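*Asks:* After the structure tokens below, expect a handful of questions from me.
The values are calculated or read from the model by the stated rules, or taken from the named source; none is laboratory data. No experiment lies behind these values; they were computed from the predicted model shown. Counting neighbours? That spans all protein chains shown, and the Cβs are built from the backbone with ideal geometry, glycine included.
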Amino acid sequence: MPFVTASTQRGPYDVVIVGSGAGGGQTAYTLCMEGVRVLMLEAGREYTPARESPMFQTPDMAPLGDAGTPDKNKGFYDCTVDGGWDVPGEPYVSVPDKWGAHFTWWRARMLGGRTNHWGRISLRNGPYDFKPRSRDGLGFDWPISYDDVAPYYDKVEMLIGVYGGEKSLENTPAGPGDTLLPPPKPIVSDHLLMKYAPRFGIPVLPGRRAVLTRAQDHRTIPGKLHPGNLRAQKILAEAMRKRSPCLWATPCGRGCAVAANYQSTTVHLPPALETGNLDVITHAMVYEVTVGKDGKANGVRFVDATTGRHEHVSARIVVLGASACETARILLNSKSGPFPNGVGNSSGLVGRYVLDTVGSSVTGQIPLLESLPPLNEDAADGLQVYVPWWLYQQQLAHKLPFPRGYHIEYGGGKHMPSVGTFAGLEWLTGGSYGRKFKEDARRYYGSFINFDGRGAMVPNDDCYVEIDPKVKDRFGIPVLRFHWQWGDYEQRQAAHMQETFGEVIEAMGGRLQTPVVTDPVKAIAPGGYMIHEVGGTIMGADARSSVTNKWSQTWDVPNLFVADGGVFPYNADKNPTLTIMALAWRMSDHILDRMRRREI
Amino acid sequence: MTDRRTTIKLVIAAAAWMPALRALANYNDRLEPGASAPGPLRQFEPTMRGYGPDPDLITGYEKGAFWPLTLNAQQRQLAGSLSDLIIPADDHSPSASAVGVVDFIDEWISAPYPQQRQDRDIVLNGFAWLDAEAQHRSRRPFATLHEAQQREICDPVCDISRAAADLRVPAQFFAMYRNLTAAGFYTTLAGRKDLQYIGNVALTHFDGPPAELLRKLKLA
């Protein structure tokens, strides 16, 4: 009976983990496979993709044709449960409340957290990304290097299943190659990019996403991931056999009933539960880490969202994986005599240096792609190819007005028509209606391409969270107040995205509905929009300048760890989830090591 | 992925129409004596709730499953007439109203969400403008006019970039109504067939485009 409540829990537990997403899921997996007794707390409800994923449903079966609403921000069929930009009863404050300084915070209240809906883009940080200050003097170096993390990227890729190419480029490591699944074949619009990008010196690589393009090798991978642990190998092999390869249809963000993509709920949690070592309490809204007289964490307090009761659970080790900002909130709210500013906060840096990803997009219409014959271009739901950052040497020579790069998430194709597919076509059709409009729809369908720039952010003092002195959520827990300001570097980078994308589209013979946005302030998406927030409990080389050490362990409390993106002292352009998992696995190995030596 | 982003862009774009809403409201004043004003609306409760943050995603829903449809018979006739002027039957597919687009639009403008509440005002005021124009020109409701007469009214407002200054508000209405009609039509099976969309089916492997097509496009 792995799903328990505060009254039916089967303690004592070795470890309590707060959160069930990428960080919490990976930690539970690694620890449970090695025999550690784990209790996981999730703020939302249980969620079962095999039963709840609306695969193959068409938009006409949904209210408002699957359009986004305040209830379901990314559309009716997006799998996010009880979440989005606003969670009912769980406000947050953003000051000053104005465009540009505003931060929007996407949350999910469900087992598996945001891993259920995420884009599944799985890029490795490169060597420069771990030592950015050493390279250009800005921000912070991580206390670890690419070589420290590379073995864990290998392991995570093999465990969750990531497709990608074997070719590495500067600061764009592919890994050893044998950890990856084959990438999907490019679609017509991808070939267009592959033809024109090289004319600008822009490289195009196979995409990298956590989708099974073929069945996982359940015969050899379990032995590589769990050498000498036959039980873990057997459990993992069985779990891998239960996952189906991609069906080449239906968007990943709806959830995958056949477990062909990575969700914590289909990949991390099933084998962890199978060990018998994992118990889960859902509807557990954690608000405090409790610390004993010995200065060690001894458990957490939470509100049971179904009863409103305050509960406490105990464990020898506490791991926070609640998401970067929620983890900072828990620490800051954990105030007591010895910790007047919150647990783990002797540096005063909890909540500081929150980072997001720079985002800017341009859409083009390509005459060459008009009126193509029928094609099934669903593929694996996008990113058959992508563009890694390519101007490292120009930046090193100070030839660009911004120090850090971006990658391009590129897309096109004849996707299932949505409510927005034929909106606002007047710039192409001259306002046609009647039979001509239907002809125009057939002509332009599938002729659009999209460039999404996703860029690195240098940490700055203006981006942080703190506890709001007045506002509380429906549980009575004080809420976060966000402070946000993009730096000049990020804004100039966004303008560079706009100019570059516009040039490439025009070279392709394409058209832009509106001119590219060259004003750096307007070119950048607002903070939080990319849903890549990290930092707030950053790792570093000493207790004065960071919250956590190179093992994601808080400097102040030796048995308190952070498993989510909070530990990132820098957010490279690479999407953070793969790195969150790699660091969580590395942290878990360290916990196992210390437990075996009876140090914790 | 692109499609969902486009959806959001549509919603954001529509939000920019707030000023149009107030201006469009003035068109009610142009209704001539005896002209058909919109009938009373039934069951429209502004405080009505939506489907909530955790609806059952597996069930298919009829239009009106979460909130009542609110257009009256006369408005539905006008809605269908305008939808079919925008998307008529042709050799490829049926007309918009034949595949349920009136219900789609009714559900849209009857929804309790802020965006749809704004769209509702624009659509209902746009209907009033159409009927007022029809009465003014032909002494008949818009829905009963011949296609040529309807086109005389709609041609000047079908492209907002070319619309006369005093027709900008009805042109904004027409653009939005075309968006809604296309949204309702191309999300149906008939719409997908019209576009020859052949995805959303499980495949054992994904082959990519035929080499011959790539050669023809000079992309091979």
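*Asks:* How many of the residues in the range B:52-96 are β-branched (Val, Ile, Thr), closer than 30 Å to residue B:146 by Cα and more than 7 Å from every other protein chain (Cβ to nearest Cβ)?
*Replies:* First, pick out the residues of the range B:52-96 that are β-branched (Val, Ile, Thr): B:58-59, B:70, B:86-87.
Then drop every residue that is not closer than 30 Å to residue B:146 by Cα, which leaves B:70, B:86-87.
Then drop every residue that is not more than 7 Å from every other protein chain (Cβ to nearest Cβ), which leaves B:70.
So the count comes out to 1.
*Asks:* So residue A:521 fits all but one of (1) of a type in the set (A, V, I, L, M); (2) in a helix (DSSP H, G or I); (3) modelled with pLDDT of 95 or more; what number is the exception?
*Replies:* Here residue A:521 clears every test but (3).
*Asks:* Still on this structure: Please indicate, with yes or no, whether at least one residue in the range A:45-67 is free of Cβ contacts under 8 Å to residues at least 12 places away in the same chain, at the interface with chain B (Cβ under 9 Å from one of its Cβ atoms), more than 27 Å from residue A:207 (Cα to Cα) and not small (Gly, Ala, Ser). Walk me through it before giving the result.
*Replies:* If we filter the range A:45-67 for residues that are free of Cβ contacts under 8 Å to residues at least 12 places away in the same chain, which is where we start, we get A:60-61.
This time we only want the ones that are at the interface with chain B (Cβ under 9 Å from one of its Cβ atoms), so: A:60-61.
Next, from what is left, pick out any that are more than 27 Å from residue A:207 (Cα to Cα): A:60-61.
Narrowing further to those that are not small (Gly, Ala, Ser): A:60-61.
Looking through the range A:45-67, at least one residue is free of Cβ contacts under 8 Å to residues at least 12 places away in the same chain, at the interface with chain B (Cβ under 9 Å from one of its Cβ atoms), more than 27 Å from residue A:207 (Cα to Cα) and not small (Gly, Ala, Ser).
*Asks:* Show the residue pairs meeting these rules: Cβ distance below 8 Å; 6+ apart or different chains; first residue within the range A:383-401 and at positive phi; second residue part of a loop (DSSP other than H, G, I, E, B).
*Replies:* Within 8 Å, the pairs are A:383/A:119; A:383/A:207; A:383/A:208; A:383/B:1.
*Asks:* Identify the residue in the range B:170-186 that is at the interface with another protein chain (Cβ under 7 Å from one of its Cβ atoms) and without any contact (Cβ under 8 Å) to a residue 40 or more places away in the chain and, among all such residues, is surrounded by the fewest Cβ atoms within 10 Å (Cβ to Cβ).
*Replies:* B:175
*Asks:* With respect to residue A:71, determine if the residue is of a type in the set (D, E, K, R), surrounded by fewer than 24 Cβ atoms within 10 Å (Cβ to Cβ), within 14 Å of chain B (Cβ to nearest Cβ) and touching a Pro at 6+ places or on another chain (Cβ under 6 Å).
*Replies:* For residue A:71, the condition - of a type in the set (D, E, K, R), surrounded by fewer than 24 Cβ atoms within 10 Å (Cβ to Cβ), within 14 Å of chain B (Cβ to nearest Cβ) and touching a Pro at 6+ places or on another chain (Cβ under 6 Å) - is met.
*Asks:* Another question, if that's okay. Going through A:439, A:370, A:426 one at a time, which residue ends up being at negative phi and within 8 Å of chain B (Cβ to nearest Cβ)?
*Replies:* Numbers: A:439 fails: within 8 Å of chain B (Cβ to nearest Cβ); A:370 fails: within 8 Å of chain B (Cβ to nearest Cβ).
A:426 is the lone residue from the list that is at negative phi and within 8 Å of chain B (Cβ to nearest Cβ).
*Asks:* Same structure, new question: From the list B:195, B:213, B:167, pick out the single residue that is at pLDDT 95 or above, facing chain A (nearest Cβ under 9 Å) and surrounded by fewer than 21 Cβ atoms within 10 Å (Cβ to Cβ).
*Replies:* On the way: B:195 fails: surrounded by fewer than 21 Cβ atoms within 10 Å (Cβ to Cβ); B:167 fails: facing chain A (nearest Cβ under 9 Å).
None of the others qualify; the one that does is B:213.
*Asks:* Oh, and also: Given the options A:558, A:576, A:520, name the one that is more than 30 Å from residue A:444 (Cβ to Cβ) and within 16 Å of the chain's Cα centre (by Cα).
*Replies:* On the way: A:558 fails: within 16 Å of the chain's Cα centre (by Cα); A:520 fails: within 16 Å of the chain's Cα centre (by Cα).
One residue alone meets the criteria, A:576.
*Asks:* Right, next: When the residues of the range A:83-103 are filtered to those that are buried (at least 20 other Cβ atoms within 10 Å of the Cβ) and in a loop (DSSP other than H, G, I, E, B), which remaining residue is nearest to the other protein chains (Cβ to nearest Cβ)?
*Replies:* This residue is A:83.
*Asks:* Now, a different point. Please specify each residue of the range A:460-488 satisfying the condition of being surrounded by fewer than 22 Cβ atoms within 10 Å (Cβ to Cβ), not in a strand (DSSP E or B) and not basic (Lys, Arg).
*Replies:* A:460, A:461, A:462, A:473, A:475, A:476, A:477, A:485, A:487, A:488
*Asks:* Still on this model: Filter the range B:71-92 for residues that are free of Cβ contacts under 8 Å to residues at least 40 places away in the same chain and crowded, with 17+ Cβ neighbours inside 10 Å and give the result.
*Replies:* B:71, B:76, B:84, B:88, listed by residue number.
*Asks:* If you go through the range B:198-210, how many residues are at the interface with another protein chain (Cβ under 7 Å from one of its Cβ atoms) and on the phi < 0 side of the Ramachandran plot? Steps first, answer last, please.
*Replies:* To start, the set of residues in the range B:198-210 that are at the interface with another protein chain (Cβ under 7 Å from one of its Cβ atoms) comprises B:198-203, B:206-209.
From what's left, on the phi < 0 side of the Ramachandran plot: B:198-199, B:201-203, B:206-207, B:209.
Matching residues across the range B:198-210 total 8.
*Asks:* So, one more: Are any of the residues in the range A:300-314 assigned to a loop (DSSP other than H, G, I, E, B) and under 24 Å from residue A:532 (Cα atoms)?
*Replies:* So the first thing to find is which residues in the range A:300-314 are assigned to a loop (DSSP other than H, G, I, E, B), and the list is A:305-309.
Then keep just the ones that are under 24 Å from residue A:532 (Cα atoms); that gives none.
No, because not a single residue in the range A:300-314 is assigned to a loop (DSSP other than H, G, I, E, B) and under 24 Å from residue A:532 (Cα atoms).
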